[in-house]
Amino acid sequence: MSPTGSRGGLSLGSFASPDGGGPSVAPETPVPDETTTEPGGDAPAAVPMPRPWSDPSDDAAAERDAQLLRRLRAGEEAAFAQIVDDWSPMLLRTARTFVSTDASAQEIVQETWLAVVKGLDRFEGRSTLRTWVFRILMNLGRSRGVREARSVPLSSFGPDDNGPTVDPSRFRGADDRHAHNWTPAGAPQPWEPSPEDALLAGEIRGEVGRALETLPARQRLVVSLRDVHGLSSDEVCSALDISAVNQRVLLHRGRAHLRKVLEDYYRGREVTA
Amino acid sequence: MSNQPVPGMTITCTEIVEVVTEYLEGQVDEALRAEVEAHLALCPGCDHYLDQMRETIRLVGRVPVESLSDAARDDLMAAFRTFHTPAT
């Protein structure tokens, strides 16, 4: 299979549609069933669904999750404080996809945690606790996005998900003996001094932070959850309800763009040096 | 002999830059992995490209994150206390 082929008709999955079948959960009671996020959107109950978020081989993680749940249900405040502190940044990042201000994102995350507090006793452990929290957030975010009449940006991504990630003019043409390999001018050059260099580190951090903000929302979200917040690909897929291929394409395109921004930064330095 | 494909030469640089994420994710099969690695050994441009992707991922990992406001956090802790009284 050609690694560059057949990405044209990428299915954007339910993540791309603002809300396929109306709000699945009323804003007041935003505790979704753990196995479905969209009404009628999943396979019939008779068909066993793969559950990528609960890898059965990872017994240790399952045990940690069960223990965390026990502590929470026992009213252990420190356990709640810890997940609020650990997970809120990634929840805020995700919430920001649905609304136009940081303040609204804060409200969605706060509502999410309140729903978690109220719904904890009903959680059945069929997903990880964190995936369940994410799903509550996604439901709240979707209905909030609709309420604010903000066109949910998740549907406007098609064009960003296609085409080469590196400018084709950097490669030799099809009639060249070394067709589709780098031209001498197009080949990437080492970054020197290293981004670690004390003189550059601050500036580069700024470049990366700004570039992340300019990524299309879905790419920004997937890159953030993976590379800033350290979620696994499986967890991102279940949290956002996207396919593994979709996740990887968004990650790939987002990362490739950020690399390009850094490359441009280095090339700009050469010019001005 | 001369008809044998040279390892690393059946994949082009245009393909390498699009397969790099799958490669880093460990999502390529053994044959493709070997081909990618043979190519990287032969091609400084692609080798730099992969290094730069790794570097980019590392740098993104240091982007500062936003947290919940202290006031919101306090409200949540109060709500937790209300709903989940510790067993005594």
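The values are calculated or read from the model by the stated rules, or taken from the named source; none is laboratory data. Keep in mind the model is a prediction, meaning the values are calculated, not measured. Ideal geometry is used to build each Cβ from the backbone, glycine not excepted, and the neighbour counts take in all protein chains shown.
As an exercise: evaluate A:T272 against (1) within 30 Å of A:L140 (Cα to Cα); (2) of a type in the set (S, T, Y); (3) modelled with pLDDT under 95 and give the number of the one condition it does not meet.
(1)
Give segment B:45-74 a look and list any residue that's part of a helix (DSSP H, G or I) and at the interface with chain A (Cβ under 7 Å from one of its Cβ atoms), or say none.
If the condition is that a residue be part of a helix (DSSP H, G or I) and at the interface with chain A (Cβ under 7 Å from one of its Cβ atoms), then B:G45, B:H48, B:Y49, B:Q52, B:M53, B:E55, B:T56, B:I57, B:L59, B:V60, B:A72, B:R73 are the ones that fit.
Look at segment A:179-202 and say how many of its residues are within 21 Å of B:R54 (Cβ to Cβ) and either touching a helix residue (DSSP H, G or I) at 6+ places or on another chain (Cβ under 8 Å) or in a loop (DSSP other than H, G, I, E, B) (or both).
The total comes to 13.
For every residue, the table says whether it meets (1) in contact (Cβ under 8 Å) with a residue 12 or more places away in the chain; (2) in a helix (DSSP H, G or I).
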{"position": "A:G75", "(1), (2)": "no, no"}
{"position": "A:V99", "(1), (2)": "yes, no"}
{"position": "A:E111", "(1), (2)": "yes, yes"}
{"position": "A:G141", "(1), (2)": "yes, yes"}
